[in-house]
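For reference, the structure is listed below as structure tokens.
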Amino acid sequence: MSFGGYPIVLTGEIATMSDTHGSSVVGFASAIPENYFRDWVARRFFRVKSDRNGRVFRAPYGLAKVEAALLAHGYTRNDVIIADPYKLDKVIGSNTRIIGIYVMDPLGLSYGSGILYWILKLADLPYRGLPYIAKSFFQVINHPAIKKNRNHVKIVVGGPAGWQIIDTGKQGELGIDVVYEGEFEEDGPQLFDKLMKGELVPNRVVAHRPVPVDMVPTIVTPSIGGMVEVTRGCGRGCQFCTPTLSGMIRSFPFEGHIDKEIKLNIEVGGFKEITLHSEEFFRYGAKGIEPNPDKVLDLTKKAYKLVKSYGDDYEITTDFTTAAVVKYAPKMVKEVSEYMNEGGTWHFIEMGIETGSPRLLRMLMAGKALPYKPEQYPDVVEEAIGILNDNHWVVVGTIILNLPGETDDDVIKSLELLDRLKKLRVLTFPLPFIPMGALRKRDFTVLDKLLDDPLRREFILKAFIKSFEEAKSFSDLITRKVENFVVKRLIKYIAVSSFNLVLKRYKEKLGSLFEQYGEFRERIKEELNKAVISVRIDRDFDEQGNNVS
């Protein structure tokens, strides 16, 4: 390609575009604030593999899907490039008309950034500047090659965190022409057509519906982490969750779709482990909430057979589940695990626990527990994690604080659930829910306010202590996919040392909290019990004291 550049340049935050030496788990470090990353260290840690022309060898899966949709629409690889953000000067020029930037956390407002803020704050470690992933977004959008050609290019931002640009009202200030929200394959290429022709388009475009499965093309650039999408959507309807926008669960066929992406990731991407990505893997092939075990097992067997055709050291895994489906179909989980965790190999699997409060569950995410009732949910979570542990899965479980309408009693219910999970192999990460109003004002004192509250501080400390104790036990699993042996040893050393440091400080802080506030939680429980009794008395007796129940 001449210096004129590519008409359509797709890229992303540097931290998002990096494969972090082959380990997506290590990529969590992108939420660490910039004061811990000197530029030369960051460039080596968040490396991006690309050819001399700037075309990447591996891309974030969502960005690879955007490229695939544009190619299926009629554009060619001479028109479209997924570009190394370090080499934008090689791909942007007088011919460039669209720069598409894929974002996971452009302004540092994600759950992950909130977690790191708490981790460092509680350990009395300094937090200065932006999370590195956000800094790397600004490095891209302010790149000299973009500024030089700004008069003839349109900047389009999309991806899971496009909402940050909209909700903070920062779109104009950042010079972003269009924010695209939702699935890309149907409406996205038409938007790009209009931009290429110089037509006027809205500054915010929302996909009008979830894309039918038969309209989704397979990727042509290998995906970071060897990821292969097997379902979209969920259908459980949690009010705060992005996959809700994708509607009911839809499953892709193995033949001609999933198998093609597996082969691409192995033969071109060089991966030996394929991640079958889904918001809820054990519901693959389901038509509603209840799973279809035959479909799930059939997919697993076919994927296993395909990857093993490349060698015995090739393997498959998955990434997300809910507690309800595991509890509902333990036999299916066991059968699938015999292929994915062959020989007793352990893998991580993520689970959004969200809350231990049946009341909040019923109010904000009643579908989370289905086919069980919200009142059964704490039991469902405990049993499901036990089932997964028995089948060599380490659960990464997230629990949200500050949900709309949350009371002290709801937090106590989550603390009680946390106590029940003590003996299980689960990393319990507390997540801060940040209201939209706080985002618009950039008012993140909500994170400090949650720490200042004794009850919530107790929950956060206990959740982190459990998480880091488990992380220490499974440090080899965290770094197992790091490709360079020296880098693997270094990352493991830094990780274990950090875990030991924060654990020591968290345990001291938890002890100090109990000394300072004594029976704080017990007093709250007593007051709540009195309130419940009072309500029952008022309900059962009239003003004259007559029993009306």
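Key figures for this structure:
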item: Those residues of segment 265-292 which are farther than 14 Å from residue 321 by Cβ and of a type outside the set (A, V, I, L, M, F, W, C), in sequence order; result: 265, 267, 269, 270, 272, 273, 285, 287, 288, 290, 292
item: Pair list, Cβ under 6 Å, 6 or more apart: segment 27-40 residue crowded, with 20+ Cβ neighbours inside 10 Å, other residue in a strand (DSSP E or B); result: 31/131; 33/131
item: Filter pass, residue 120 being assigned to a helix (DSSP H, G or I), surrounded by fewer than 19 Cβ atoms within 10 Å (Cβ to Cβ), touching a residue at least 40 places away in the same chain (Cβ under 8 Å) and more than 19 Å from the chain's Cα centre (by Cα); result: yes
item: Condition check for residue 88: open to solvent by 10 Å² or more (accessible area, probe 1.4 Å) and closer than 25 Å to residue 38 by Cβ; result: no
item: Filtered residue count, segment 181-192, keeping only those that are open to solvent by 40 Å² or more (accessible area, probe 1.4 Å) and either over 21 Å from residue 233 (Cα atoms) or in a helix (DSSP H, G or I) (or both); result: 1
item: Search result, residues across segment 366-400 that are in contact with a Lys or Arg (Cβ under 6 Å, 6 or more places away or on another chain) and either more than 16 Å from residue 319 (Cβ to Cβ) or assigned to a helix (DSSP H, G or I) (or both); result: 367, 368, 374, 380, 382, 383, 384, 389
item: Cross-chain or 6+ apart pairs with Cβ under 6 Å, segment 397-422 first and basic (Lys, Arg), then modelled with pLDDT of 95 or more and surrounded by 15 or more Cβ atoms within 10 Å (Cβ to Cβ); result: 413/356; 413/357; 420/382
item: Residue pairs meeting the criteria (Cβ under 6 Å; at least 6 apart or on separate chains; first farther than 24 Å from residue 61 by Cα and β-branched (Val, Ile, Thr), in segment 149-177; second at pLDDT 95 or above and open to solvent by less than 30 Å² (accessible area, probe 1.4 Å)); result: 153/96; 153/99
item: Options 77, 128; residue that is in a loop (DSSP other than H, G, I, E, B) and under 30 Å from residue 511 (Cα atoms); result: 128
item: Qualifying positions in segment 300-310 - open to solvent by less than 70 Å² (accessible area, probe 1.4 Å) and within 16 Å of residue 334 (Cβ to Cβ); result: 300, 304
item: Only listed residue being farther than 16 Å from residue 160 by Cα and among the hydrophobic types (A, V, I, L, M, F, W, C), chosen from 133, 101, 119; result: 119
item: Residue count, segment 168-180 (criterion: open to solvent by 30 Å² or more (accessible area, probe 1.4 Å), touching a Lys or Arg at 6+ places or on another chain (Cβ under 7 Å) and not in a loop (DSSP other than H, G, I, E, B)); result: 0
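So that you can scan it fast, the table gives a plain yes or no per residue for (1) hydrophobic (A, V, I, L, M, F, W, C); (2) touching a residue at least 60 places away in the same chain (Cβ under 8 Å); (3) open to solvent by less than 40 Å² (accessible area, probe 1.4 Å):
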site	(1), (2), (3)
472	no, no, no
475	no, no, yes
485	yes, no, no
497	no, no, no
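The rows are residues; the columns are (1) open to solvent by 60 Å² or more (accessible area, probe 1.4 Å); (2) at pLDDT 95 or above; (3) of a type outside the set (Gly, Ala, Ser); (4) in contact with a strand residue (DSSP E or B) (Cβ under 6 Å, 6 or more places away or on another chain).
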residue	(1), (2), (3), (4)
334	yes, yes, yes, no
350	yes, yes, yes, yes
355	no, yes, yes, no
365	no, no, yes, no
383	yes, yes, yes, no
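The values are calculated or read from the model by the stated rules, or taken from the named source; none is laboratory data. Note that the structure is predicted; figures quoted are calculated from it, not measured. Neighbour counts run over all protein chains shown; Cβ positions are idealised from the backbone, glycine included. Surface areas here come from the heavy atoms of the whole protein model, side chains and all, with no ligands, DNA or RNA. Shrake-Rupley method; radii C 1.70, N 1.55, O 1.52, S 1.80 Å.
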